[in-house]
Amino acid sequence: ASVLAAARARLQLHEEQLVQLERYQQEYSDRMVSSGQSWSSVQIQEYRAFISSIDQAIRQQQALILESKTQIEAFQREWMRCRQNKEALGKLVDKIEGLKDAEEALKQQRESDDFASRRLFLK
């Protein structure tokens, strides 16, 4: 359960980082467009390069999110499998205990019957 909680925390962190990157990209673009400056070709190239690097960081963050979700799903499947095994083992233990109880009851009944039959023969 703690492994699953840690994986969920990582997913949340990755999602928050993605939101921050997207917000930063939008704010940067808005600021550049609203500045009202005329841009030189060098400034335009630098702007495109910077936006491209942010796009790449966003794609990497999206990949981390997908990987985290896949990992969480795997952890959940494993947890469910372990839970089912535990339940099956619990049922098996209950059945074995029930059989032992029945066997003990039969043993006591036999002993009681033997004692009663000995008393009849001794009379």
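Summary of values
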read-out	value
Residue tally, condition basic (Lys, Arg) and surrounded by 11 or more Cβ atoms within 10 Å (Cβ to Cβ), over region 60-94	1
Residue match in region 98-106 (condition: of a type in the set (Gly, Ala, Ser), touching a Lys or Arg at 6+ places or on another chain (Cβ under 7 Å), part of a helix (DSSP H, G or I) and modelled with pLDDT of 95 or more)	no
Unique residue being β-branched (Val, Ile, Thr) and closer than 26 Å to Trp79 by Cα when the list is Ile58, Ile51, Ile65, Ile44	Ile65
Glu87 among the acidic types (Asp, Glu), part of a helix (DSSP H, G or I), more than 14 Å from the chain's Cα centre (by Cα) and under 30 Å from Ser2 (Cβ atoms)	yes
Cβ-Cβ under 6 Å pairs, at least 6 apart or on other chains, region 69-98 side of a type in the set (S, T, N, Q), far side part of a helix (DSSP H, G or I)	Gln71/Ala7
Among the candidates Ser38, Ser29, residue that is in contact (Cβ under 8 Å) with a residue 12 or more places away in the chain, more than 30 Å from Trp79 (Cα to Cα) and either among the polar types (S, T, N, Q) or not in a helix (DSSP H, G or I) (or both)	Ser29
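The values are calculated or read from the model by the stated rules, or taken from the named source; none is laboratory data. Computed from a predicted model, the values in this text were never measured in an experiment. We place every Cβ from the backbone using ideal geometry, glycine too, and count neighbours over all the protein chains shown.
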